[in-house]
Amino acid sequence: MSRLAGKAAIVTGGAQGIGEEIAARLVADGAKVAVVDLNAHKAKAVAERLTRGGGEAIGVGADVAQRAEVRAAIVATVAAFGRLDIFFNNAGFNKPLPFLEIDEANFNAIMRVNAWGVLLCTQEAARQMIAQGQGGKIVNTASIAGRQGYAEFAPYCASKASVISLTQAAAREFAKHKITVNAFAPGVVVTPLWDGLEQDMIDKGVISRKGEFIESFSSSILLGFPSKPKDIVGVAAFLASSDSDYVTGQVIMADGGMVLV
């Protein structure tokens with residue numbers, strides 16, 4: 001496929017999990033991709049693998065909550081590929097705590113990356129796209145947790161609800177520049193992030209064994225199984241392509257029918 005031929009994209013949090021799979025799908029669809037991640041070494045390793053496979057990719061280290069670093073990542077992308085057409089706000093993390101143990105540090109750390117990072121990156125991506133004058137695509141990774149609260153990770157839910165609101169607000173602001181802003185909302189996805197989440201919950205005594213939490217969560221998935229990143233990146237690729245040119249301000253659920261909205 002080459003429906004993204006000639007397009008240049010940034011994927012934050014692109015060194016593993018959903019972000020890595022998005023980067024690979026965009027390259028397969030013909031895009032040139034900057035894999036941006038807090039872990040610069042892993043970002044460069046993913047980019048090298050994509051390049052060996054015949055694509056065009058670079059790896060860039062950046063903290064999505066630091067404006068100077070985000071600007072530098074965009075400058076590096078434009079220097080390498082000549083432009084920026086697609087920006088994926090995918091970076092995010094979770095650190096679950098029982099509801100009564102959530103403190104200011106936990107809440108602020110999650111909101112800093114998952115909410116502020118999305119706002120900051122959207123601003124900087126939009127500035128570049130507006131300067132180019134040819135529109136663009138901004139795609140945010142939301143979550144079922146933005147549609148439904150879970151006591152085990154309330155700050156994460158708050159941050160992903162923020163992603164949904166920021167998606168709608170940015171869509172209203174940038175439509176006049178022919179920039180669409182959308183989100184997709186995964187449910188239970190088997191990734192390193194989920195592995196870490198379960199270990200945190202074991203450490204806090206919320207669950208007793210690995211697999212217990214994902215099994216209980218997955219029981220409400222209509223399709224009957226948790227997803228892997230490859231199961232949901234088709235939605236992300238659609239939102240990055242011209243097929244979604246008349247779609248903006250929307251959140252597409254990609255959760256196997258777990259939350260019906």
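The set of residues in segment 79-120 being touching a Phe, Trp or Tyr at 6+ places or on another chain (Cβ under 7 Å) and of a type in the set (A, V, I, L, M, F, W, C) consists of Ile110, Val113. Of the set (1) aromatic (Phe, Trp, Tyr); (2) touching a residue at least 40 places away in the same chain (Cβ under 8 Å); (3) over 30 Å from Gln132 (Cα atoms), all apply to Tyr150 but (2).
Does Leu50 fit the bill of being closer than 26 Å to Gln168 by Cβ, crowded, with 18+ Cβ neighbours inside 10 Å and out of contact with any Pro (no Cβ under 8 Å at 6 or more places or on another chain)? No; evaluated as a whole, the condition is false for this residue. So is Val46 under 19 Å from Arg112 (Cβ atoms) and either part of a strand (DSSP E or B) or in contact with a strand residue (DSSP E or B) (Cβ under 6 Å, 6 or more places away or on another chain) (or both) or not? No: the conditions fail for Val46. Entry remark, segment 134-163: residues being under 23 Å from Gly6 (Cα atoms), part of a strand (DSSP E or B) and not basic (Lys, Arg) number 4 in total. Among the candidates Ala9, Ala15, the residue that is surrounded by 24 or more Cβ atoms within 10 Å (Cβ to Cβ), of a type outside the set (D, E, K, R) and part of a loop (DSSP other than H, G, I, E, B) is uniquely Ala15.
Gly224 falls short on exactly one of the conditions (1) at positive phi; (2) assigned to a helix (DSSP H, G or I), and that condition is (2). Working only within segment 164-204, note down all residues that are of a type in the set (A, V, I, L, M), over 25 Å from Val259 (Cα atoms), part of a helix (DSSP H, G or I) and modelled with pLDDT of 95 or more. Ala175 - this is the single residue of segment 164-204 that is of a type in the set (A, V, I, L, M), over 25 Å from Val259 (Cα atoms), part of a helix (DSSP H, G or I) and modelled with pLDDT of 95 or more.
Contact annotation: no residue pair with Cβ atoms under 9 Å, 6 or more positions apart or on different chains, pairs a residue in segment 115-142 that is more than 20 Å from Phe93 (Cβ to Cβ) and surrounded by fewer than 24 Cβ atoms within 10 Å (Cβ to Cβ) with a partner that is hydroxyl-bearing (Ser, Thr, Tyr) and modelled with pLDDT under 95. Of note, Phe107 does not satisfy the criterion of being among the aromatic types (Phe, Trp, Tyr), within 27 Å of Gly6 (Cα to Cα) and in a helix (DSSP H, G or I).
The values are calculated or read from the model by the stated rules, or taken from the named source; none is laboratory data. For clarity, every value in this text was computed on a predicted model and none was experimentally measured. In this analysis, Cβ positions are derived from the backbone assuming ideal geometry, glycine residues included, and neighbour counts consider all displayed protein chains.
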